[in-house]
Structures are given as C-alpha cells and as structure tokens.
Amino acid sequence: MMPAIDRDTGAGAPRLVDRLPSVRGRLTEGALLSKVTWFRVGGPAEVLFKPADAEDLATFLAGCPDDVPVTVIGVGSNLLVRDGGVRGVVIRLGRDFAGIEAEGVAVTAGAAALDANIAKVAQSHAIAGLEFLVGIPGTLGGAMRTNAGAYGTELKDVLVHADLVDRRGARHRLGPDEMGLSYRHSDVPEGWIMTGATLRGRPGDPEAIAARMAEIGASRGSTQPIRSRTGGSTFANPPGTSAWKVIAAAGCRGLAIGDAQVSEQHCNFLINRGNATAADLEALGEEVRRRVRAHSGVDLRWEIRRIGDPAGVRRDG
C-alpha cells in the first residue's frame, strides 16, 4: 500500500519522504508544529507521521532507515519546538491511541489519551487513586516518559505496566521497576515510543472521587496560568525546595524577553504573551537559570522538553 502523503515542499530537492516505508497512516511534509504545541511556537517537522495503529507504527519503525532521526510528540503541553523545526520524522499518535477502558480497579489507556480523561473514566467506574491525573496537562505517553506527578502521586505509584515499541519496531511490555522511574525521569531509551499503559487504582466512592478532582481543578485554576499559552512547569523542583521559590527569590517573577514572560501568577511557568518565538522562550528560561544559579547556587533542570534546531540552521547535512 502506498503511503498517504501530504506534500508541502517544493519539487526538485531530495526528499526524506521518498526514503520512508509505506504506511497505512499519514505522512505530511513540512507540517507546522506551532499548531499543536501549547506555546504556539516552533518550526515545521521535516515529515510528520500519524500511524494508523500500533502495528502500523511498529512496521514503520522497522523499515525506517537508521540514519533518519525519529522524534515522538504528544499534544505539545510540555514541549518547546525550536524555530528551525525538527529534522527527520516526527511521530504524533492520534485518536487510535486514545482509547480508555476500565476493568475492576485497573484502567488501560492508549498513550494519546489525555490524563484528565483517564481520571474521568476512573471516576465513572468508582476507581479511586487516579484523581491526580486531572492536575497533569497532556497525554499518558508524555506523562509516563517523565514520570509526571501532581498532588502527592506520581505515575510510578499507579503503573502496572507500559507497552512500548523500540526504534527497530520490536514491542515491549515493561513494569515500573524495569522502566527505572524516578522523580521526573525514566530510564526508557530515548528512541522507544509508548503506545499504552495499564494503571491500578483502588475501590472508591464516585462522589468523593469527583469532589477530589474538582478540588484539584480549582487549585490549578487559582495558582497556575492555565488560560495562557504556556508549557506547564518549566523546571523540575530542586532537592529540598520548590522551583518557584528559588525563581521568585532571584527576582525573576514577571521577567520578560520579547513576548516571552515568567508568569506573575506562578513563576515556574513561562508564557507566550502573543508573539514570542521559541528562541525568546528558551533564552528566558536560560536567563532564569543563570539568575537562580547566581543568587542561590541552585542549578535548575529543565522539565519542559526542547526539540529541534534554532532558526537558520541548514538541513542539508
């Protein structure tokens, strides 16, 4: 079967898409990633691949040339795509990876399922212990990759196993210990792609679960700039303190570069006030890191994932 291809680049130049295996999903050349990131910045993907299902994904990876970079993204909630775009193939899992099913006290979901939707399905089946997911923006795949957590619970605390496909197209099922999950980190190889996972909660009362979810939602709305163009928490919390505290102490609340600004509401969030570039946002983050290091000696670690090339970088080798 020939791949479904959207052609957004001019003819004449060598094209990556001609080297890629046939797919049942869709390949798009030059897809604008700024349309899918919450910051609304960034350059294009050389080729964007939306697989039809896990088998299509595995077959593609098995046939994709080794020298072609492969990057996977979710809904772009904790992602900064640089202005020059992303070389190689960017994989974005779609609705076929967004299913959610509950059985007993377990919830099985695809990697593209929104974390908040998983919590809602759990609540509807009287499954407690997954309420914290409403406080994590984005998809299950992204949350698992960083062992995301909120309100006292992390993914590793509820994970039964995750299903992944490696860069060669082989499939794997790993438990939390095998994934090496720790604070905002996993040992899963960078090239492996999560396709789904099973989480375990506990029996609960649907009304109590709904009340806890509403409490978490209200807390987020009152303390975080959730209606702004942001990328979620910018930096991981340093040992023994909170990132926002050392950022505020260094005088960075409200600091701006161009239209990129440190949120005045929660200073561990960067926001795009309208016309910021990815370069503005990354430079602002690095300036915050510099000022915090100078003020307190703390070396902040980026929690937002940054991918791609700066503007003006050549792609011809």
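Here, each number is a calculation from the coordinates, and none is a lab measurement. These numbers were taken from a predicted model, which means no experiment stands behind them. Note that we place each Cβ from the backbone using ideal geometry, even for glycine, and neighbour counts take in every protein chain shown.
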Rounded to the nearest 500, what is the 222 nm mean residue ellipticity of the chain from helices alone, with -39500 (n - 2.57) per DSSP H run of 4+ residues and division by all residues?
-7000 deg cm²/dmol
If amide hydrogens are placed 1.01 Å from N in the peptide plane, which non-local residues have theirs closer than 5 Å to the one on Leu255?
Val262
Cut-off under 5 Å, modelled amide H: who pairs with Gly231 long-range:
Leu270
Whole-number percent relative contact order across region 235-301, with pairs defined as alpha carbons under 8 Å at least 6 apart
34 percent
Of Gly149, Ala122, Leu181, farthest towards positive along the dipole that unit charges on Lys, Arg, Asp, Glu beta carbons give the chain
Gly149
Please identify, among Val89, Val68, Val17, the residue showing maximal mean-square fluctuation in a Gaussian network model of the chain using a 10 angstrom Cα cutoff.
Val68
So how much slack lies between Arg306 and Val68, counting 0.36 nm per residue of separation and subtracting their Cα-Cα distance, in nm?
83.8 nm
Using unit Cβ charges (K, R positive; D, E negative) and no other charged atoms, how large, in debye to the nearest 20, is the dipole of the chain about its Cα centre?
660 debye
Mind checking which aspartates and glutamates have their C-alpha under 15 Å from Lys156, skipping anything on the same chain fewer than 8 residues away?
Asp115, Glu131, Asp177, Glu178, Asp187
By a straight-distance test (C-alpha under 20 Å), which lysines pair with Lys35 as possible cross-link partners, with residues fewer than eight away in the same chain excluded?
Lys50
Go ahead and set up a Gaussian network model of the chain, Cα springs under 10 Å, then flag whichever of Ala294, Ala150, Ala116 fluctuates most.
Ala294
Which one of Leu80, Leu20, Leu93 has the biggest mean-square fluctuation once the chain is modelled by GNM with Cα springs under 10 Å?
Leu20
Say each of Asp299 and Ser228 gets a label point 7 Å from the Cα, pointing the same way as Cα to Cβ; how far apart are those two points in nm?
2.8 nm
Note on the chain: helices (DSSP H) long enough, at least 20 Å by alpha carbon along their axis, and hydrophobic enough, mean Kyte-Doolittle at least -0.5, are 206-223
Give the percent of DSSP beta bridges with both residues in the chain that are antiparallel, rounded to the nearest 5.
75 percent
